[in-house]
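The structure appears right after this line, and notes come after that.
The values are calculated or read from the model by the stated rules, or taken from the named source; none is laboratory data. On a predicted model such as this, the values are computed, not experimentally measured, just so you know. Glycine also receives a Cβ, built like all others from the backbone with ideal geometry; neighbour counts cover every protein chain displayed.
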Amino acid sequence: MAAPRTTGRHAPLNGEGAIARGKRAAALAAAELLQDGMRVGLGTGSTVAFLLPAIAARQLRGLRCVATSPQTASAALALGLAIESLDELGELDIAIDGADQVDPEGWLVKGGGGAHTREKIVASAAASFVVIVSAEKLVARLAPPVPLELLAFGVQRTLSQLAPARLRGGVVSPDGGLIADYLGPVEQPRELAARLSATPGLIEHGLFAPELTRTIVIGDDDGVEVRAGGAPAA
Ligand code: 5RP
């Protein structure tokens, strides 16, 4: 990985081009973390779309990957990466994924692509979970929407328990769960995460606690900054 910048300052990313460049920079830096023979969790989204060709280009030997969505699986397979199920791989050496928001404590909001349940399972199976984001994903405070995956049975009852929340118009997860968004305040993420998790009918929410993440790679036009997440060092 290129030498990281150590300041917390970032150039403002205005416009799609700059945001895409930030995502690409973070993804390319994270691809350098992989080594021959690793078992790798692949996230979902446009930042991961930059990661997959960067991994393939390294031509590592014996890489074994699990994908968090059908889109990632197809893109990875087309690039010649070996995709297996998480149960075949068991423990992962590393998982790399994007995020929608990152707060100063390392809390994440994920699930913009509706794959956060698989993404959380894969992140928690990895010895090292690496988050790759463009700099505009850094926020002073988390804000709604927080993605939710809900069981279809009794979904209106579940939504009333999670209020304010609404279904995301027919969007389903890779595993058939209904994707919804929690729209209320996110002042205390840990308390909100506990409340969401305790609601019957909720499959998973998109709040990822800091202790899940080992490293956050932030890209912008100046390069990348690498921050420690809240996971204990290996
Ligand atoms: C998908 C996710 C994505 O990682 C998140 O939405 C970020 O997406 P992108 O890289 O396209 O900005 O959580 O469920």
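Of note:
- Test: residue in segment 113-132 that is of a type in the set (Phe, Trp, Tyr) and out of contact with any helix residue (DSSP H, G or I) (no Cβ under 8 Å at 6 or more places or on another chain): no
- Residue check: residue 179 meets all listed conditions (1) within 28 Å of residue 221 (Cα to Cα); (2) touching a Pro at 6+ places or on another chain (Cβ under 7 Å); (3) at pLDDT 95 or above but one, namely (1).
- Within segment 46-73, the set of residues being small (Gly, Ala, Ser) and part of a strand (DSSP E or B) comprises 67 only.
- Candidate set: segment 18-41, residues that are of a type in the set (Lys, Arg) and more than 16 Å from the chain's Cα centre (by Cα); chosen: the one farthest from residue 223 (Cα to Cα): 39
- Residue match in segment 27-45 (condition: part of a helix (DSSP H, G or I) and away from the ligand (no atom under 15 Å from the Cβ)): no
- Residues that are away from the ligand (no atom under 14 Å from the Cβ) and part of a helix (DSSP H, G or I), drawn from segment 74-101: 74, 76, 77, 78, 86, 87, 88, 89
- Some residue of segment 131-140 being touching a Pro at 6+ places or on another chain (Cβ under 9 Å), surrounded by fewer than 24 Cβ atoms within 10 Å (Cβ to Cβ) and in a loop (DSSP other than H, G, I, E, B): yes
- Considered as a group, the residues in segment 196-230 that are small (Gly, Ala, Ser) and in contact (Cβ under 8 Å) with a residue 40 or more places away in the chain include one that is nearest to residue 17 (Cα to Cα), and that residue is 219.
- Only one of 104, 147 that is at pLDDT 95 or above, assigned to a loop (DSSP other than H, G, I, E, B) and either within 16 Å of the chain's Cα centre (by Cα) or more than 9 Å from the ligand (Cβ to nearest atom) (or both): 104
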